[in-house]
1. Could you compute the net charge surrounding T142? Neighbours are other residues with a C-beta less than 15 Å from the C-beta of T142; K and R count +1, D and E count -1.
2. Which angle between 0 and 90 degrees, to the nearest 10, do you get for helix 84-106 versus the longest principal axis of the chain when only C-alpha atoms count?
3. Please work out the average accessible area per residue across the chain, using the 1.4 Å probe convention, and give it in Å².
4. I need the shape label for segment 29-86. Rule: rounded when a/c is under 1.5, else prolate if a/b > b/c, else oblate, with a, b, c from the alpha carbon gyration tensor.
5. Show me the ranking of peptides 171-183, 199-211 by mean Cβ neighbours inside 10 Å, starting with the highest.
6. Quick check: the distance between the Cα centres of segment 73-102 and segment 134-159, to the nearest angstrom?
7. Tell me, what % of the accessible area of the chain is carbon and sulfur with a 1.4 angstrom probe?
8. Could you work out the equivalent-ellipsoid semi-axes for the chain, taking the square root of 5 times each eigenvalue of the Cα gyration tensor, largest first, in whole Å?
Amino acid sequence: EIGKEAREQVRPNQGYIKIDYFTLFWLFVAGSVFGLVVETAFHAIVYGGYESRAGLVWGPFSPIYGVGAVALTVSLNRFYHSHNLVIFLIAMVVEYATSWLMEVLWGAIAWDYTGTFGSINGRTNFAFGVMWGLLGLVWVRTILPFIKRVFSHVDARSMLARLVTAALSLFMALNIAVTLLALDREGQRAQGVPATTWEQRFLDEHFPDSYLQSRMQNMSVYGKG
C-alpha cells in the first residue's frame, strides 16, 4: 500500500491542488502568520504572559509554520485519497525533519523534548508527534479543500497578483537572508568569534544578542560545532 502511494507521488499533475510558486509562496506566508498567532495565543493561555514567538527579524512571521504548511501540502497533496494512517505518519516526520534541518544548518534549537515520554533525539516526542499527525489529517481533510476554494477565486496571472507576489517575495527573501546571517553571527558570538569583517560588525551593531533573544524568545542558538 505504502509502496503504491510512493509511486503515485512521483507522477506529475496528480495532486489535489495545483502546486506552483504562487500557491506555495502564499501558503508559506499564511502559515507563517497564522502559526505565529496560534502559538502566541497558546503560550499566553497555557503558560501565562506574552512571549515573542517570531522567527524572522522583521514582521509577524514564524517560518517554522510556513515551512510546515508548505511541507505538509507538498508531502500530502497526492495522498489526499490515501488511508488516514499514511497521512498521519507522513505528517509526524515533518516536525522531526524541520528540527534536524534547523540545527544542522544554523545550530539553532527551537524546541527540545529530551527527557519527555517518547522523545526521539529531542526533536519530537509521543505527544507532539501525535499532534503533528493529527494536524496532517486536519490539513488534508479540512484545510486543503478550503485552500482550493480560495485559490479558485484568485487569478494568479493578473498583473496585480503578480506585482504583490513579486514585491512580497523580494521582502521575504531579504528578511530570511538577513535572519540567517544574524543567527549565524549569533552562533559565532556564542563561540567567541570576534568581528573582523564589515558584515560581522554590521550584524553585531544592528542585530545583537539582546535584540535576537528578545524577538526569538523560544529559540536557543549555540553555533555550529
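The values are calculated or read from the model by the stated rules, or taken from the named source; none is laboratory data. No experiment lies behind these values; they were computed from the predicted model shown. In this analysis, Cβ positions are derived from the backbone assuming ideal geometry, glycine residues included, and neighbour counts consider all displayed protein chains. What goes into the accessible areas is simple: the full protein's heavy atoms, side chains included, and nothing from ligands, DNA or RNA. Shrake-Rupley method; radii C 1.70, N 1.55, O 1.52, S 1.80 Å.
1. Details: positive: R141, K148, R149; negative: none.
Net charge around T142: +3.
2. Long axis of 84-106 versus the principal axis of the chain: about 20 degrees.
3. Numbers: 12940 Å² over 225 residues.
Per residue, the chain has 58 Å² of solvent-accessible surface.
4. Details: a/c = 4.22, a/b = 1.83, b/c = 2.30.
Taking the square roots of the gyration eigenvalues as a ≥ b ≥ c, segment 29-86 is oblate.
5. Working: 171-183: 16.5, 199-211: 14.0.
My ranking of the peptides, most packed first, is 171-183, 199-211.
6. Segment 73-102 and segment 134-159 have Cα centres spaced 17 Å from each other.
7. Details: 8700 of 12940 Å².
Of the solvent-accessible surface of the chain, carbon and sulfur hold 67 percent.
8. On the way: eigenvalues 201, 109, 54 Å².
The answer is 32, 23, 16 Å, longest axis first.
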